[in-house]
Amino acid sequence: MNITVADNEKQFDTTAAWRIVDMICARPQSVIGLSTGRTTGNIHRLVCDIHRNLDFDASRVTFFGLDEVTGVDREYAGACYTMLRTEIIDGMDIDDEHFLMLPTRSGDFAADCRKFTGEIKRRGGIDLLILGLGENGHLGFNQPGSALNCTAGTASMDPVLEARIRRETATPAGVPLGGVTLGLRDIMHARRIVLVAKGDNKAAIVRQMLCGSISSDVPASILQLHPACEFLLDSKAAALIDVNSLRNA
Ligand code: GLP
């Protein structure tokens, strides 16, 4: 397995940011998927800093969001659209044509998902996908129990996240909130993946993801089968695994 362990947060963020920059420099028209959350915010801001300092050509790259919250306005600060805009898209001057997102509201999410995945395919498929890891092993909004071969579609939100978003957006109890996400099959089609996980709270699920059996109970365990997935961890997230023996596995 391809496992990288960063000694500290700064090294973790820098390593991940350079994976993105290296991809853009090697293939300026690349298609790169991004995840939102606490793990990736600093990585995105660092990519902007590197871009500002080195001024490499990012005018042809396509960025897309792995998933999106549904039932809220996309301008809401916790929507993936707004998070990515704030963290990386605006800072790198990426135009609308090169920033693809699933919608937060729609009368036909299935059609939107087909359009979204079709557009990614039309641009040559996913060159690099940066994946966050949920504490329960979710990837995107693919929660435990999701079929390992599922394609893009709507999904339920875990109760903790749902309660927070409901509170922040003052969404009444009767109005459904959820998510829309690339499926696990779409994720596995990415040519290259970097799974990023940091912090003590991810140590147990990192062990399950890498050492447990491949099962829909832990959606991220499917990544054991990906031929070009790097697991980028900080030392806290790697605390419960034997890195050397896994590297030789
Ligand atoms: C959310 C997002 C995922 C993200 C995950 C990890 O569920 N929908 O895209 O990867 O959380 O988030 P964090 O990095 O905050 O732990």
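The values are calculated or read from the model by the stated rules, or taken from the named source; none is laboratory data. Note that this is a predicted model, so its numbers are computed, not measured. Quick reminder, even Gly has a Cβ in these numbers, built from the backbone with ideal geometry, and neighbours come from all protein chains shown. The area values use the complete protein model at the heavy-atom level, side chains included, leaving out ligands, DNA and RNA. Shrake-Rupley method; radii C 1.70, N 1.55, O 1.52, S 1.80 Å.
What to note about this one:
- Test: residue in the stretch 116-139 that is open to solvent by 10 Å² or more (accessible area, probe 1.4 Å), away from the ligand (no atom under 14 Å from the Cβ), touching a Pro at 6+ places or on another chain (Cβ under 9 Å) and more than 30 Å from Ile50 (Cα to Cα): no
- Some residue of the stretch 157-174 being of a type outside the set (D, E, K, R), buried (at least 19 other Cβ atoms within 10 Å of the Cβ) and within 18 Å of the chain's Cα centre (by Cα): yes
- Put simply, of Thr40, Thr4, Thr14, Thr62 the only residue that is within 15 Å of the ligand (Cβ to nearest atom), of a type in the set (Val, Ile, Thr) and open to solvent by less than 60 Å² (accessible area, probe 1.4 Å) is Thr40.
- Flag if Ser106 is among the hydroxyl-bearing types (Ser, Thr, Tyr) and open to solvent by 40 Å² or more (accessible area, probe 1.4 Å): yes
- Consider the stretch 17-37 and keep the residues that are touching a residue at least 60 places away in the same chain (Cβ under 8 Å) and within 16 Å of the ligand (Cβ to nearest atom). The one that is nearest to the chain's Cα centre (by Cα) is Ser35.
- Test: residue in the stretch 228-236 that is under 30 Å from Thr62 (Cα atoms), of a type in the set (Gly, Ala, Ser), at pLDDT 95 or above and buried (at least 22 other Cβ atoms within 10 Å of the Cβ): no
- For Leu84, the test of being within 16 Å of the ligand (Cβ to nearest atom) and either outside any helix (DSSP H, G or I) or open to solvent by 40 Å² or more (accessible area, probe 1.4 Å) (or both) is failed.
- Within the stretch 17-37, the set of residues being closer than 21 Å to Met209 by Cα and crowded, with 20+ Cβ neighbours inside 10 Å comprises Gly33, Leu34, Ser35, Thr36.
- Figure legend. Inter-residue proximity from the stretch 41-64: first residues closer than 22 Å to Ile126 by Cα, second residues small (Gly, Ala, Ser), beta-carbon distance below 7 Å, spacing 6+ or different chains. Indicated pairs: Ile43/Ala16; Ile43/Ala17; Leu46/Ala17; Val47/Ala17; Cys48/Gly91; His51/Ala58; Val61/Ser30; Phe64/Gly33.
- Checking every residue in the stretch 209-227 against the condition of being open to solvent by 60 Å² or more (accessible area, probe 1.4 Å) and within 16 Å of the ligand (Cβ to nearest atom) gives zero matches.
- Search result, residues across the stretch 204-228 that are β-branched (Val, Ile, Thr) and either in a helix (DSSP H, G or I) or free of Cβ contacts under 8 Å to residues at least 24 places away in the same chain (or both): Ile205, Val206, Ile222
- Some residue of the stretch 230-241 being over 28 Å from Thr151 (Cβ atoms), assigned to a helix (DSSP H, G or I) and of a type in the set (S, T, N, Q): no
- Residue pairs whose Cβ atoms lie under 7 Å apart, separated by 6 or more positions or on different chains, with the first residue in the stretch 161-172 and of a type in the set (D, E, K, R) and the second open to solvent by less than 40 Å² (accessible area, probe 1.4 Å), are Glu162/Leu177; Arg166/Leu177; Glu168/Gly78.
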